[in-house]
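Only one structure is covered here, and it is reproduced in the block below.
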Amino acid sequence: MMDLNADVIENATVRLHDLFYANFDKTGLMYLTGRTFRNCRLDGPVVMMPMQNCYFERCDFGDSGGDMHNMLFRPLSPTQVTGAIVMVACRFINCTFYAVGFAGDEDFAKSMIDIPYRDEPA
């Protein structure tokens, strides 16, 4: 069985909802930090809020219809977002996201739009 609290998760399908609760049960924190996901499929439905040094390399953002704008949300409050899974300093390498939206400020949205889509299959 996969350890959802491992620092590095590789070659796995991860339901982000389960990941959030495994982390919360272990740490009591409402966010995940310092994790690396390599060659994973990350499943929603969920809204993820990457913050502070999150890194995406060769990722496939899945069901966006080819347009990252379809997956981006901007919080209306400048101080808090309820219901999003917050990721801090996490790395996503060669991952595929399915039914995942992303929330963040204007700078974050621009950085996500500028990420190139992976052209080769996983």
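The table below lists the values:
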quantity: Distance (nanometres) between label positions extended 7 Å along Cα→Cβ at Tyr55 and Arg15; calculated: 3.0 nm
quantity: P(r) weight above 17 Å for the chain, C-alpha pairs, percent; calculated: 54 percent
quantity: Cβ-placed point charges (K, R +1; D, E -1), dipole of the chain about Cα centre in debye, nearest 20; calculated: 200 debye
quantity: Amide hydrogen neighbours beyond the local backbone of Ile85, cut-off 5 Å, H modeled; calculated: Val47, Met48, Met49
quantity: Prolate/oblate/rounded call for segment 1-71, Cα gyration tensor, a/c under 1.5 rounded; calculated: prolate
quantity: For segment 6-11, 3J(HN,Hα) per residue [Karplus equation, 6.51 cos²θ - 1.76 cosθ + 1.60, θ = phi - 60°, Hz, x = Gly/Pro]; calculated: 5, 5, 10, 10, 10, 6
quantity: Farthest toward positive dipole pole in the chain [+1 Lys/Arg, -1 Asp/Glu at C-beta], among Gln52, Ala84, Phe20; calculated: Phe20
quantity: Solvent-accessible area, 1.4 Å probe, carbon plus sulfur percent, for the chain; calculated: 52 percent
quantity: Per-peptide average of other Cβ atoms within 10 Å, ordering 2-14, 72-84, 44-56 highest first; calculated: 44-56, 2-14, 72-84
quantity: Amide H contacts under 5 Å for Phe92, placed H, 5+ residues apart; calculated: Phe37, Tyr55, Phe56, Glu57
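The values are calculated or read from the model by the stated rules, or taken from the named source; none is laboratory data. Bear in mind the structure is a predicted one, so any value in this text is a computation, not a measurement. Cβ sites come from the backbone with ideal geometry, for glycine too, and all protein chains shown count toward neighbours. All accessible areas refer to the heavy atoms of the entire protein, side chains included, with ligands and DNA or RNA removed. Shrake-Rupley method; radii C 1.70, N 1.55, O 1.52, S 1.80 Å.
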